[in-house]
Amino acid sequence: MNIIVLVKQVPDTTDVKLDPKTGSLIRQGVESIINPDDRHALEAAVRLKEAAKGKVTAVSMGPPQAIDAISEAMGMGADEGILLCDMAFSGADTWATSFTLGKAIEKIGKYDLILCGRQAIDGDTAQIGPQVAEYLGISQVSYVFEIEEIKKKTMVVRRRLEDGFERIQCTLPAMLTVIGELNQPRYPVVSGLIDACREKARIKVWNAADIGAQASELGLEGSLTHVVKTFAPKFKRQGEMLEGNVKEVVGDLIGKLKENRLI
Ligand SMILES: Cc1cc2nc3c(=O)[nH]c(=O)nc-3n(C[C@H](O)[C@H](O)[C@H](O)COP(=O)(O)OP(=O)(O)OC[C@H]3O[C@@H](n4cnc5c(N)ncnc54)[C@H](O)[C@@H]3O)c2cc1C
(Lines give C-alpha, C1' and ligand atoms only; values in the text may rest on other atoms or scores of the structure.)
Protein backbone atom coordinates (compact mmCIF):
# COMPACT_ATOMS: atom_id res chain seq x y z
CA MET A 1 0.00 0.00 0.00
CA ASN A 2 1.46 3.36 -1.04
CA ILE A 3 0.51 6.16 1.30
CA ILE A 4 1.23 9.87 0.89
CA VAL A 5 1.09 12.08 3.99
CA LEU A 6 0.81 15.85 3.64
CA VAL A 7 2.85 17.51 6.34
CA LYS A 8 2.84 21.22 7.10
CA GLN A 9 5.48 22.96 9.20
CA VAL A 10 3.78 25.50 11.48
CA PRO A 11 4.85 27.88 14.28
CA ASP A 12 4.62 26.17 17.69
CA THR A 13 1.86 28.46 18.91
CA THR A 14 -1.79 29.20 18.37
CA ASP A 15 -1.19 32.68 19.75
CA VAL A 16 -0.13 34.15 16.41
CA LYS A 17 1.10 37.74 16.73
CA LEU A 18 1.23 40.32 13.97
CA ASP A 19 3.67 43.17 13.58
CA PRO A 20 1.32 46.17 13.86
CA LYS A 21 3.42 48.19 11.37
CA THR A 22 3.91 45.64 8.58
CA GLY A 23 0.91 43.39 9.28
CA SER A 24 3.15 40.34 8.84
CA LEU A 25 3.52 37.39 11.20
CA ILE A 26 6.12 37.72 13.98
CA ARG A 27 8.15 34.51 13.65
CA GLN A 28 11.15 35.42 15.82
CA GLY A 29 11.37 33.35 18.97
CA VAL A 30 8.68 30.94 17.79
CA GLU A 31 9.84 27.40 17.11
CA SER A 32 8.51 25.42 14.17
CA ILE A 33 6.83 22.04 14.55
CA ILE A 34 4.93 19.52 12.45
CA ASN A 35 1.27 20.55 12.50
CA PRO A 36 -0.28 18.49 15.35
CA ASP A 37 -3.02 16.82 13.24
CA ASP A 38 -0.36 15.79 10.70
CA ARG A 39 1.47 13.75 13.36
CA HIS A 40 -1.68 11.66 13.73
CA ALA A 41 -1.83 11.27 9.93
CA LEU A 42 1.80 10.11 9.94
CA GLU A 43 1.20 7.67 12.79
CA ALA A 44 -1.78 6.16 10.96
CA ALA A 45 0.24 5.83 7.75
CA VAL A 46 3.18 4.14 9.47
CA ARG A 47 0.85 1.71 11.30
CA LEU A 48 -0.87 0.80 8.02
CA LYS A 49 2.51 0.26 6.40
CA GLU A 50 3.67 -1.91 9.28
CA ALA A 51 0.50 -4.02 9.04
CA ALA A 52 0.18 -4.34 5.28
CA LYS A 53 3.62 -3.46 3.91
CA GLY A 54 4.10 -0.63 1.47
CA LYS A 55 5.65 2.81 1.46
CA VAL A 56 4.97 6.11 3.21
CA THR A 57 5.96 9.33 1.46
CA ALA A 58 5.84 12.62 3.38
CA VAL A 59 5.25 15.70 1.24
CA SER A 60 5.46 19.31 2.35
CA MET A 61 5.29 22.63 0.56
CA GLY A 62 7.25 25.28 2.38
CA PRO A 63 10.48 27.24 2.75
CA PRO A 64 13.87 25.43 2.95
CA GLN A 65 13.57 24.98 6.74
CA ALA A 66 10.46 22.81 6.21
CA ILE A 67 12.99 20.05 5.45
CA ASP A 68 13.14 19.61 9.26
CA ALA A 69 9.46 18.59 9.29
CA ILE A 70 10.15 16.03 6.57
CA SER A 71 13.21 14.71 8.46
CA GLU A 72 11.09 14.31 11.59
CA ALA A 73 8.40 12.52 9.58
CA MET A 74 11.09 10.13 8.37
CA GLY A 75 12.24 9.70 11.97
CA MET A 76 8.67 8.60 12.74
CA GLY A 77 8.79 5.98 9.98
CA ALA A 78 8.12 7.64 6.62
CA ASP A 79 10.25 6.05 3.91
CA GLU A 80 10.59 8.99 1.55
CA GLY A 81 10.34 12.75 1.79
CA ILE A 82 9.62 15.41 -0.79
CA LEU A 83 9.91 19.13 -0.12
CA LEU A 84 8.18 21.44 -2.58
CA CYS A 85 10.29 24.55 -2.40
CA ASP A 86 10.45 27.42 -4.87
CA MET A 87 10.06 31.19 -4.59
CA ALA A 88 7.25 30.77 -7.14
CA PHE A 89 5.19 28.98 -4.44
CA SER A 90 5.32 31.88 -1.98
CA GLY A 91 2.22 33.90 -1.14
CA ALA A 92 -0.01 30.96 -2.11
CA ASP A 93 -3.58 30.93 -0.86
CA THR A 94 -5.29 27.58 -0.20
CA TRP A 95 -6.24 27.21 -3.88
CA ALA A 96 -2.65 27.62 -5.11
CA THR A 97 -1.33 25.45 -2.24
CA SER A 98 -3.75 22.63 -3.12
CA PHE A 99 -2.88 22.91 -6.81
CA THR A 100 0.86 22.67 -6.04
CA LEU A 101 0.38 19.66 -3.74
CA GLY A 102 -1.94 18.06 -6.32
CA LYS A 103 0.63 18.46 -9.11
CA ALA A 104 3.32 16.91 -6.89
CA ILE A 105 1.05 13.95 -6.06
CA GLU A 106 0.36 13.45 -9.78
CA LYS A 107 4.12 13.33 -10.32
CA ILE A 108 4.55 10.77 -7.51
CA GLY A 109 2.03 8.72 -9.46
CA LYS A 110 1.09 5.47 -7.78
CA TYR A 111 -0.74 5.86 -4.47
CA ASP A 112 -3.60 4.17 -2.65
CA LEU A 113 -4.21 6.60 0.16
CA ILE A 114 -3.46 10.23 1.01
CA LEU A 115 -3.61 11.29 4.65
CA CYS A 116 -3.47 14.81 5.97
CA GLY A 117 -4.43 16.73 9.06
CA ARG A 118 -7.94 18.10 9.32
CA GLN A 119 -6.63 21.60 9.97
CA ALA A 120 -3.37 23.51 10.31
CA ILE A 121 -3.00 25.49 13.55
CA ASP A 122 -1.76 28.59 11.73
CA GLY A 123 -3.80 28.89 8.51
CA ASP A 124 -6.75 27.13 10.16
CA THR A 125 -8.92 26.80 7.05
CA ALA A 126 -9.24 22.95 6.82
CA GLN A 127 -9.49 23.42 3.04
CA ILE A 128 -6.33 21.71 1.78
CA GLY A 129 -7.38 18.05 2.14
CA PRO A 130 -10.76 18.45 0.42
CA GLN A 131 -9.31 20.71 -2.30
CA VAL A 132 -6.45 18.32 -3.10
CA ALA A 133 -8.97 15.44 -3.30
CA GLU A 134 -11.16 17.49 -5.66
CA TYR A 135 -8.15 18.35 -7.81
CA LEU A 136 -7.18 14.66 -8.07
CA GLY A 137 -10.80 13.52 -8.50
CA ILE A 138 -10.60 10.91 -5.70
CA SER A 139 -12.84 9.98 -2.75
CA GLN A 140 -12.52 12.08 0.37
CA VAL A 141 -13.58 11.69 3.99
CA SER A 142 -12.89 14.42 6.54
CA TYR A 143 -12.73 14.33 10.36
CA VAL A 144 -11.65 10.68 10.40
CA PHE A 145 -11.11 9.23 13.89
CA GLU A 146 -10.99 5.53 13.06
CA ILE A 147 -9.77 3.45 10.14
CA GLU A 148 -11.82 0.30 10.49
CA GLU A 149 -10.95 -1.79 7.49
CA ILE A 150 -8.94 -1.60 4.28
CA LYS A 151 -9.48 -3.91 1.34
CA LYS A 152 -7.90 -3.85 -2.09
CA LYS A 153 -10.26 -1.30 -3.61
CA THR A 154 -12.30 0.03 -0.70
CA MET A 155 -11.96 1.12 2.91
CA VAL A 156 -14.26 1.72 5.85
CA VAL A 157 -13.65 4.65 8.18
CA ARG A 158 -15.49 6.52 10.91
CA ARG A 159 -15.77 10.31 10.84
CA ARG A 160 -16.61 12.44 13.83
CA LEU A 161 -19.80 14.49 13.89
CA GLU A 162 -20.85 16.97 16.57
CA ASP A 163 -23.35 14.49 18.00
CA GLY A 164 -21.90 11.11 17.07
CA PHE A 165 -20.15 9.57 14.07
CA GLU A 166 -20.69 8.37 10.52
CA ARG A 167 -19.36 5.02 9.25
CA ILE A 168 -18.37 5.41 5.63
CA GLN A 169 -17.20 3.04 2.96
CA CYS A 170 -15.23 4.70 0.17
CA THR A 171 -13.28 3.59 -2.85
CA LEU A 172 -9.50 3.80 -3.09
CA PRO A 173 -7.54 5.88 -3.79
CA ALA A 174 -8.91 8.17 -1.13
CA MET A 175 -8.01 11.27 0.82
CA LEU A 176 -8.62 11.21 4.57
CA THR A 177 -8.30 14.28 6.77
CA VAL A 178 -7.71 13.07 10.30
CA ILE A 179 -8.25 14.35 13.83
CA GLY A 180 -6.29 13.78 17.05
CA GLU A 181 -8.69 11.13 18.32
CA LEU A 182 -7.36 8.74 15.65
CA ASN A 183 -4.27 7.57 17.56
CA GLN A 184 -1.35 8.44 19.83
CA PRO A 185 1.56 9.49 17.61
CA ARG A 186 4.90 7.90 18.40
CA TYR A 187 7.96 9.96 19.20
CA PRO A 188 10.64 9.70 16.55
CA VAL A 189 13.07 7.08 17.89
CA VAL A 190 16.68 8.23 18.43
CA SER A 191 18.02 5.90 15.72
CA GLY A 192 15.22 7.12 13.46
CA LEU A 193 16.20 10.74 14.10
CA ILE A 194 19.86 9.99 13.38
CA ASP A 195 18.83 8.20 10.19
CA ALA A 196 16.57 11.12 9.36
CA CYS A 197 19.52 13.53 9.67
CA ARG A 198 21.57 11.28 7.42
CA GLU A 199 18.56 11.02 5.12
CA LYS A 200 18.40 14.81 4.71
CA ALA A 201 20.57 14.63 1.65
CA ARG A 202 18.17 12.06 0.20
CA ILE A 203 15.04 14.12 0.65
CA LYS A 204 13.91 15.23 -2.77
CA VAL A 205 13.41 18.93 -3.31
CA TRP A 206 11.10 19.77 -6.19
CA ASN A 207 10.59 23.18 -7.75
CA ALA A 208 7.88 24.49 -10.09
CA ALA A 209 9.53 23.00 -13.20
CA ASP A 210 9.84 19.60 -11.48
CA ILE A 211 6.07 19.39 -11.00
CA GLY A 212 5.34 20.79 -14.47
CA ALA A 213 3.61 23.95 -13.26
CA GLN A 214 3.64 27.47 -14.69
CA ALA A 215 4.44 30.47 -12.45
CA SER A 216 1.00 31.91 -13.29
CA GLU A 217 -0.66 28.92 -11.56
CA LEU A 218 1.41 29.16 -8.38
CA GLY A 219 1.96 31.31 -5.32
CA LEU A 220 0.53 34.80 -5.19
CA GLU A 221 0.00 34.90 -8.96
CA GLY A 222 -2.03 31.70 -9.00
CA SER A 223 -4.08 32.62 -5.92
CA LEU A 224 -7.78 33.36 -6.22
CA THR A 225 -7.88 35.34 -2.97
CA HIS A 226 -5.73 38.34 -2.13
CA VAL A 227 -5.02 39.89 1.23
CA VAL A 228 -6.09 43.54 1.22
CA LYS A 229 -5.15 44.29 4.81
CA THR A 230 -3.89 42.33 7.80
CA PHE A 231 -4.58 43.53 11.32
CA ALA A 232 -5.06 42.21 14.82
CA PRO A 233 -8.51 43.04 16.21
CA LYS A 234 -8.46 45.55 19.04
CA PHE A 235 -10.44 44.50 22.05
CA LYS A 236 -12.27 47.36 23.74
CA ARG A 237 -13.95 45.82 26.74
CA GLN A 238 -16.23 48.02 28.80
CA GLY A 239 -16.82 46.77 32.31
CA GLU A 240 -19.64 47.84 34.55
CA MET A 241 -20.01 46.84 38.18
CA LEU A 242 -23.56 46.25 39.35
CA GLU A 243 -24.22 47.13 42.94
CA GLY A 244 -26.81 46.07 45.48
CA ASN A 245 -27.94 42.78 46.96
CA VAL A 246 -28.14 39.57 44.90
CA LYS A 247 -31.79 40.13 43.95
CA GLU A 248 -31.13 43.70 42.78
CA VAL A 249 -27.97 42.78 40.87
CA VAL A 250 -29.68 39.84 39.09
CA GLY A 251 -32.68 42.05 38.25
CA ASP A 252 -30.37 44.78 36.86
CA LEU A 253 -28.39 42.23 34.86
CA ILE A 254 -31.51 40.73 33.27
CA GLY A 255 -32.75 44.24 32.45
CA LYS A 256 -29.46 45.13 30.73
CA LEU A 257 -29.36 41.87 28.79
CA LYS A 258 -32.92 42.48 27.55
CA GLU A 259 -32.11 46.11 26.73
CA ASN A 260 -29.25 44.94 24.51
CA ARG A 261 -31.42 42.18 23.00
CA LEU A 262 -29.09 39.50 24.33
CA ILE A 263 -31.93 37.49 25.83
C1 LIG B 1 -4.50 35.31 0.09
C2 LIG B 1 -3.61 34.42 0.89
C3 LIG B 1 -2.25 34.65 0.86
C4 LIG B 1 -1.40 33.86 1.61
N5 LIG B 1 -0.08 34.10 1.59
C6 LIG B 1 0.76 33.35 2.31
C7 LIG B 1 2.16 33.58 2.34
O8 LIG B 1 2.64 34.52 1.72
N9 LIG B 1 2.96 32.77 3.07
C10 LIG B 1 2.42 31.73 3.80
O11 LIG B 1 3.17 31.00 4.47
N12 LIG B 1 1.11 31.47 3.80
C13 LIG B 1 0.26 32.25 3.09
N14 LIG B 1 -1.07 32.00 3.11
C15 LIG B 1 -1.56 30.88 3.90
C16 LIG B 1 -1.51 29.63 3.06
O17 LIG B 1 -2.32 29.75 1.93
C18 LIG B 1 -2.04 28.48 3.89
O19 LIG B 1 -1.18 28.33 4.99
C20 LIG B 1 -2.04 27.18 3.10
O21 LIG B 1 -2.82 27.27 1.96
C22 LIG B 1 -2.57 26.04 3.91
O23 LIG B 1 -3.83 26.37 4.40
P24 LIG B 1 -4.15 26.11 5.91
O25 LIG B 1 -2.97 26.51 6.71
O26 LIG B 1 -5.45 26.72 6.23
O27 LIG B 1 -4.22 24.51 5.95
P28 LIG B 1 -5.41 23.55 6.34
O29 LIG B 1 -6.31 23.37 5.18
O30 LIG B 1 -6.02 23.95 7.64
O31 LIG B 1 -4.51 22.25 6.53
C32 LIG B 1 -5.05 20.93 6.51
C33 LIG B 1 -3.93 19.96 6.25
O34 LIG B 1 -3.45 20.13 4.91
C35 LIG B 1 -2.06 19.82 4.87
N36 LIG B 1 -1.31 21.00 4.45
C37 LIG B 1 -1.66 22.30 4.55
N38 LIG B 1 -0.69 23.08 4.05
C39 LIG B 1 0.30 22.26 3.63
C40 LIG B 1 1.58 22.46 3.03
N41 LIG B 1 2.05 23.67 2.76
N42 LIG B 1 2.32 21.38 2.75
C43 LIG B 1 1.86 20.13 3.02
N44 LIG B 1 0.68 19.88 3.58
C45 LIG B 1 -0.10 20.92 3.89
C46 LIG B 1 -1.66 19.41 6.29
O47 LIG B 1 -1.79 18.03 6.41
C48 LIG B 1 -2.72 20.11 7.14
O49 LIG B 1 -2.93 19.50 8.39
C50 LIG B 1 -1.95 32.80 2.39
C51 LIG B 1 -3.32 32.59 2.41
C52 LIG B 1 -4.15 33.40 1.68
C53 LIG B 1 -5.64 33.14 1.74
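The values are calculated or read from the model by the stated rules, or taken from the named source; none is laboratory data. Being a predicted model, the structure only gives us computed values, none of them experimental. As a convention, Cβ positions derive from the backbone with ideal geometry for all residues, glycine included, and neighbour counts pool all protein chains shown.
Figures for the structure shown
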quantity	calculated
Residue, modelled with the lowest pLDDT, within region 223-254, restricted to residues that are surrounded by fewer than 10 Cβ atoms within 10 Å (Cβ to Cβ) and either within 16 Å of the ligand (Cβ to nearest atom) or not in a loop (DSSP other than H, G, I, E, B) (or both)	F231
Matching residues, region 181-222, being aliphatic (A, V, I, L, M) and part of a strand (DSSP E or B)	V205
Candidate set from region 1-38 (those that are of a type in the set (D, E, K, R) and either under 20 Å from the mean Cα position of the chain (by Cα) or near the ligand (Cβ under 10 Å from one of its atoms) (or both)); member that is nearest to K229 (Cα to Cα)	K17
Test set (1) within 8 Å of the ligand (Cβ to nearest atom); (2) in a loop (DSSP other than H, G, I, E, B) - T97 fails condition number	(2)
Qualifying positions in region 146-186 - over 16 Å from A133 (Cβ atoms), small (G, A, S) and touching a residue at least 24 places away in the same chain (Cβ under 8 Å)	G180
Those residues of region 39-69 which are out of contact with any Asp or Glu (no Cβ under 8 Å at 6 or more places or on another chain), within 11 Å of the ligand (Cβ to nearest atom) and not in a helix (DSSP H, G or I), in sequence order	V59, S60, M61, G62, P63
Candidate set: region 147-159, residues that are buried (at least 17 other Cβ atoms within 10 Å of the Cβ) and not aliphatic (A, V, I, L, M); chosen: the one nearest to R47 (Cα to Cα)	R158
Elements of type strands (runs of 3 or more DSSP E) contained in region 113-161, each with 1 or more residues being within 15 Å of P36 (Cα to Cα)	113-117, 139-150
Residue satisfying all of: in region 18-32; of a type in the set (V, I, T) and in contact with an Asp or Glu (Cβ under 7 Å, 6 or more places away or on another chain); modelled with the highest pLDDT among these	V30
Filter result (in contact with a Leu (Cβ under 8 Å, 6 or more places away or on another chain) and either in a strand (DSSP E or B) or within 12 Å of the ligand (Cβ to nearest atom) (or both)) within region 76-87	L84
Selected residue (criterion: farthest from I3 (Cα to Cα)) from residues of region 33-53 that are of a type in the set (D, E, K, R) and crowded, with 18+ Cβ neighbours inside 10 Å	D37
Residues of region 171-180 that turn out to be over 19 Å from the mean Cα position of the chain (by Cα) and either assigned to a helix (DSSP H, G or I) or not hydrophobic (A, V, I, L, M, F, W, C) (or both), as a count	2
Residues that are out of contact with any helix residue (DSSP H, G or I) (no Cβ under 7 Å at 6 or more places or on another chain) and in a strand (DSSP E or B), drawn from region 1-38	N2, V10, P11, L18, L25, I33
Those residues of region 101-144 which are out of contact with any helix residue (DSSP H, G or I) (no Cβ under 6 Å at 6 or more places or on another chain), over 13 Å from A174 (Cα atoms) and of a type in the set (S, T, Y), in sequence order	Y143
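Listed here are the residues, each with its yes/no results for (1) surrounded by fewer than 24 Cβ atoms within 10 Å (Cβ to Cβ); (2) among the aliphatic types (A, V, I, L, M); (3) closer than 26 Å to V16 by Cβ.
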{"residue": "Q28", "(1), (2), (3)": "yes, no, yes"}
{"residue": "K55", "(1), (2), (3)": "yes, no, no"}
{"residue": "I70", "(1), (2), (3)": "no, yes, yes"}
{"residue": "D79", "(1), (2), (3)": "yes, no, no"}
